[in-house]
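Just so it is clear, none of the values below were taken in a lab; they were calculated from the coordinates. Here the structure is a predicted model, which is why all the values come from computation and not from measurement. Heads up, the Cβs are rebuilt from the backbone with ideal geometry, glycines too, and the neighbour counts pull from every protein chain shown.
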Amino acid sequence: MKCSCGGEMKEKTVKIFGEMTKVSVCNKCRKELIGLDEAIRAQRKLLPKIHEKRKVIKVGISKAVTIPKKLDPFFRTGDKVIINFDPKKMEITIRKE
Ligand SMILES: [Zn+2]
């Protein structure tokens, strides 16, 4: 693959956030490119694991559970989510649309 500067992009494995990640590095301008799949993989590893006890609260006439602060970057006010309820497990899952 050619870089925009005319140099040659060579694949290399580097540590990003402590994770071995494949990137392409230009042999001329040293620009680094990361593939989308690799970027997503690296980012997933960084996602915080959440296991927290929370209280069901009342918002108007509805019941609500607040989303942990750590997840603020992923759930913005106004985002649409799909709520799934599994009555066997008494489990609610919330998936971003
Ligand atoms: Zn270059």
inquiry  = Need one word for the stretch 57-96: rounded, prolate or oblate. Basis is the Cα gyration tensor (sqrt eigenvalues a ≥ b ≥ c); a/c below 1.5 gives rounded, then a/b vs b/c decides.
reply    = oblate
request  = For Lys49, go through the lysines and keep the ones whose alpha-carbon is under 23 Å away, minus same-chain ones fewer than eight residues off.
outcome  = Lys15, Lys69, Lys70, Lys80, Lys89, Lys96
key: Within the stretch 18-50, backbone nitrogen closer than 13 Å to the virtual label 7 Å beyond the Cα of Val81 toward Cβ   = 50
ask   = Helix 36-46 versus the longest principal axis of the chain: what is the Cα-based angle in degrees, 0 to 90, to the nearest 10?
value = 50 degrees
query = Projected onto the charge dipole of the chain (+1 at Lys/Arg Cβ, -1 at Asp/Glu Cβ, origin at the Cα centre), which of Met90, Ile57, Gly7 gives the Cα projection farthest towards the positive end?
reply = Ile57
note = Filtered hits (aspartates and glutamates, Cα-Cα < 17 Å from Lys22, offset >= 8 within chain) -> Glu8, Glu11, Glu32, Asp37, Glu38
